[in-house]
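*Asks:* Questions regarding the structure given below will be posed in turn.
The values are calculated or read from the model by the stated rules, or taken from the named source; none is laboratory data. Remember, it's a predicted structure, so these values are computed and weren't measured experimentally. In this analysis, Cβ positions are derived from the backbone assuming ideal geometry, glycine residues included, and neighbour counts consider all displayed protein chains. Side chains are part of the model used for accessible areas, which takes the heavy atoms of the whole protein and leaves out ligands, DNA and RNA. Shrake-Rupley method; radii C 1.70, N 1.55, O 1.52, S 1.80 Å.
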Amino acid sequence: MAEAGLGARFLFRIIKNDAMKQDPPQIYGWRVFLLACSACFGGMLFGFDIGTIGGVLILPEFMKEYGLDKLNKVGQANLSANIASTLQAGCFLGCFIASWVADKAGRRTSLIMNGLITIVGCILQAASSGSVACMYIGRFVAGVGVGGASMVVPLYISENAPRAIRGGLTGIYQLFIASGTMLAFWVNYGSILHIHGKAVYIVPLSLQALPAVLLAVCMFLNNESPRYLAKADKWERASSTLSRVRNLPEDHPYIQAELHDISEQLEHERMLIGGSSLKDLLREMFTIPGNRKRALISIGLMICQQMTGTNAINYYAPQIFKNLGIKGNSTNLFATGIYGVVKMTTCACFLLFAADSLGRRRSLLWTSIAQGTAMLYIGLYVRIKPPVAGADVPPAGYVALICIFLFAGFFQFGWGPVCWIYVSEIPTARLRSLNVAIAAATQWLFNFVVARATPNMLATVGSHGYGAFLIYSCFCYTMFFFVWFLIPETKGLSLEKMDDLFGVTQLVKTLEEDREAHAHAVPTTEIGLDGKEVAKVEKTEIVGEGEGSQGKKLG
């Protein structure tokens with residue numbers, strides 16, 4: 001501890017896991033934190049968008065310019081949902097494009113590319129001048145960049161982070177999403193107070209490009225992921241990059257041990273399949289039981305994350321506050337801004353005190369029940385005592401408003417950051433990019449479902465949309481059982497130890513033993529990808545040479 005800096009000493013006090021006790025304190029220097037924050041501007045892209053569009057859609061100037069004021073309640077809900085959800089369509093495509101670029105050109109290059117694409121999309125949105133078609137195109141293009149960044153950021157951070165604080169560093173992604181959402185909420189609030197005319201919505205739409213500019217500039221100054229460099233057989237650069245990030249000399253035992261683990265895992269993966277085409281990787285992902293389990297868990301977590309209803313509130317918070325009785329656009333946007341502050345603050349507290357101490361599994365379990373209870377109260381309040389237009393909000397209504405803020409806090413203590421942490425750390429090295437891409441695409445697909453369905457649910461599922469809250473509440477309670485039965489704990493494990501947790505290492509040992517046993521024999525047993533016999537063939541092996549040799553029947 002004598003060599004530990006102030007930051008490392010602080011981490012030793014608040015983080016309680018075995019890896020924190022074993023690893024050298026020098027690795028917790030400022031470089032790894034700046035690296036994580038630089039990449040996480042990719043998370044702010046998403047947060048800024050979801051915070052901006054919800055406030056812009058209710059502005060009278062925007063509604064008049066884009067024809068929403070001429071539509072009935074259901075028509076407004078449909079057009080608002082289309083504008084908001086077009087981004088998710090682009091995000092879905094962006095995940096797979098970014099995955100391909102991240103594997104071919106590197107994680108860093110992919111993030112720079114996604115930042116530039118997002119800038120183009122934001123310019124199109126701000127310049128659409130009442131053209132709904134141009135707004136759709138702008139949001140789709142921006143979505144390609146936002147979705148691509150959402151896939152690469154957790155991947156890049158998890159491949160650079162020390163194992164003891166990987167959860168906290170990867171979770172910074174969710175903190176930047178929350179920070180972007182909060183900043184966008186306050187930009188909307190400031191615009192409605194101080195800007196007039198069309199600029200009241202053009203300014204927020206333009207400022208969506210700010211995180212994209214910061215992402216491209218910061219990533220230009222960063223190094224490539226050492227694990228990507230190793231995977232590309234650039235071992236000298238991998239060693240020097242890892243040494244720089246860990247703040248240790250290249251010949252330090254810790255650096256050598258980490259490089260050895262990376263090399264060993266890559267060798268094991270090549271032994272299982274060998275090829276690296278998309279077909280090979282998909283076969284490796286879905287035919288090897290340990291890899292298949294990780295892929296399905298990643299997909300399940302991302303579906304659950306969206307079905308909590310969090311983005312229903314993020315996108316349509318002003319409308320939801322209006323449904324709960326809050327009057328006036330400025331008051332709505334102020335309440336929405338406070339909601340953003342709560343999200344950011346609670347996420348920061350989770351990353352500091354719980355991500356790598358409480359662990360992933362426990363965080364998901366207790367927040368499932370807490371979120372479900374908050375949503376249940378809101379739904380019951382709106383059903384039993386619906387708000388009356390023009391009337392003051394009753395005490396029970398203020399409790400419902402508090403439940404909105406509590407829900408935001410609970411989400412940031414579990415299902416917000418933990419899902420991204422988990423899906424980026426559990427895949428094997430060869431499959432990490434593809435696994436995270438599939439998980440991120442799933443997230444965006446169900447984000448699209450939520451963004452598209454929520455306005456209609458609020459307009460049609462019961463008075464003031466009480467049914468929407470009850471539906472999301474039921475989903476939250478169901479998630480408890482999903483986690484209880486299917487999600488193992490991963491805190492404090494290195495990325496290379498995930499194969500042990502999911503049983504792939506044992507499969508490799510089985511294959512190695514089988515190859516050694518048959519090194520000088522004609523193979524008679526075909527071993528399947530799950531390590532079991534799938535066929536036997538009777539053959540005759542000639543043992544020895546000359547007159548005394550005998551035929552030995554195998555099988």
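*Asks:* Report, by residue number, each residue of the stretch 18-46 that is modelled with pLDDT of 85 or more and not in a helix (DSSP H, G or I).
*Replies:* Hit for the stretch 18-46 is CYS40, nothing else.
*Asks:* Moving on. Go through the stretch 130-146 residue by residue and tally those that are in contact (Cβ under 8 Å) with a residue 24 or more places away in the chain and under 19 Å from VAL203 (Cβ atoms).
*Replies:* Adding up the residues that qualify gives 4.
*Asks:* Mind counting the residues in the stretch 72-86 that are of a type in the set (S, T, N, Q) and open to solvent by less than 10 Å² (accessible area, probe 1.4 Å)?
*Replies:* Qualifying residue count for the region: 1.
*Asks:* To continue, here is another question. Could you list all residues from the stretch 157-166 that are over 12 Å from the mean Cα position of the chain (by Cα), of a type outside the set (D, E, K, R) and in a helix (DSSP H, G or I)? Before you say what the answer is, go through the steps one by one.
*Replies:* Step one: of the stretch 157-166, the residues over 12 Å from the mean Cα position of the chain (by Cα) are 159-166.
With the extra rule that they be of a type outside the set (D, E, K, R), the set shrinks to 160-162, 164-165.
Within the stretch 157-166, ASN160, ALA164, ILE165 qualify.
*Asks:* Would the stretch 382-390 turn up any residue that is touching a Lys or Arg at 6+ places or on another chain (Cβ under 8 Å) and either farther than 30 Å from GLU267 by Cα or among the hydrophobic types (A, V, I, L, M, F, W, C) (or both)? Before the answer, list the steps.
*Replies:* First pass over the stretch 382-390, keeping only residues touching a Lys or Arg at 6+ places or on another chain (Cβ under 8 Å): 390.
So of that shortlist, the ones also either farther than 30 Å from GLU267 by Cα or among the hydrophobic types (A, V, I, L, M, F, W, C) (or both) come out as 390.
So far as the stretch 382-390 goes, yes, one or more of its residues are touching a Lys or Arg at 6+ places or on another chain (Cβ under 8 Å) and either farther than 30 Å from GLU267 by Cα or among the hydrophobic types (A, V, I, L, M, F, W, C) (or both).
*Asks:* For the stretch 423-448, which positions are surrounded by fewer than 24 Cβ atoms within 10 Å (Cβ to Cβ) and touching a Leu at 6+ places or on another chain (Cβ under 8 Å)?
*Replies:* ALA429, ARG430, LEU431, LEU434
*Asks:* Look at the stretch 196-248 and say how many of its residues are open to solvent by less than 20 Å² (accessible area, probe 1.4 Å), small (Gly, Ala, Ser) and in contact with a Cys (Cβ under 9 Å, 6 or more places away or on another chain).
*Replies:* Total satisfying the criteria: 2.
*Asks:* Residue by residue through the stretch 48-76, note down the ones that are under 17 Å from GLY190 (Cβ atoms) and under 16 Å from the mean Cα position of the chain (by Cα).
*Replies:* Within the stretch 48-76, PHE48 is the sole residue that qualifies.
*Asks:* Looking only at the stretch 468-502, filter to residues that are of a type in the set (Gly, Ala, Ser) and out of contact with any Lys or Arg (no Cβ under 8 Å at 6 or more places or on another chain); which one of those is modelled with the highest pLDDT? It would help to see each step written out before you state the result.
*Replies:* Looking only at the stretch 468-502, we keep the residues that are of a type in the set (Gly, Ala, Ser), and these are 468, 473, 492, 494.
Keeping just the survivors that are out of contact with any Lys or Arg (no Cβ under 8 Å at 6 or more places or on another chain) gives 468, 473.
On the way: ALA468: 85, SER473: 92.
Per the stated criteria, the residue is SER473.
*Asks:* Could you give me the residue pairs with C-beta distances under 6 Å whose first residue belongs to the stretch 464-480 and is closer than 18 Å to ALA408 by Cβ, whose second residue is outside any helix (DSSP H, G or I) and hydroxyl-bearing (Ser, Thr, Tyr) wherever it lies, and which are 6+ apart or on separate chains?
*Replies:* CYS476/THR308
*Asks:* Oh, and also: Can you tell me which of CYS403, CYS419 is open to solvent by less than 20 Å² (accessible area, probe 1.4 Å), farther than 27 Å from GLY75 by Cα and free of Cβ contacts under 8 Å to residues at least 60 places away in the same chain?
*Replies:* The conditions single out CYS403.
*Asks:* Are there any helices (runs of 4 or more DSSP H) wholly within the stretch 196-267 with 2 or more residues that are β-branched (Val, Ile, Thr), and if so which?
*Replies:* So the answer is 199-207, 209-220, 235-246.
Conditions (1) of a type in the set (Gly, Ala, Ser); (2) open to solvent by 20 Å² or more (accessible area, probe 1.4 Å); (3) closer than 30 Å to MET285 by Cβ; (4) within 23 Å of the chain's Cα centre (by Cα), marked per residue:
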residue	(1), (2), (3), (4)
THR346	no, yes, no, yes
CYS349	no, yes, no, yes
ALA355	yes, no, yes, yes
ALA396	yes, yes, no, no
GLY414	yes, no, yes, yes
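*Asks:* Could you please find all residues in the stretch 449-467 being of a type in the set (Val, Ile, Thr), modelled with pLDDT under 80 and open to solvent by less than 30 Å² (accessible area, probe 1.4 Å)?
*Replies:* The answer is THR454, and nothing else.
*Asks:* Restricting to the stretch 369-384, what's the tally of residues that are touching a Cys at 6+ places or on another chain (Cβ under 7 Å) and either under 18 Å from LEU351 (Cα atoms) or open to solvent by 60 Å² or more (accessible area, probe 1.4 Å) (or both)? If you could, list the steps in order and put the result at the bottom.
*Replies:* Step one: list which residues in the stretch 369-384 are touching a Cys at 6+ places or on another chain (Cβ under 7 Å), which gives 371-372, 374-375, 377-378.
Next, from what is left, pick out any that are either under 18 Å from LEU351 (Cα atoms) or open to solvent by 60 Å² or more (accessible area, probe 1.4 Å) (or both): 377.
Of the residues in the stretch 369-384, 1 are touching a Cys at 6+ places or on another chain (Cβ under 7 Å) and either under 18 Å from LEU351 (Cα atoms) or open to solvent by 60 Å² or more (accessible area, probe 1.4 Å) (or both).
*Asks:* Of everything in the stretch 87-143, what is open to solvent by less than 10 Å² (accessible area, probe 1.4 Å), part of a loop (DSSP other than H, G, I, E, B) and farther than 26 Å from LEU155 by Cα? Give them in sequence order.
*Replies:* Listed by number, the list holds a single entry, SER128.
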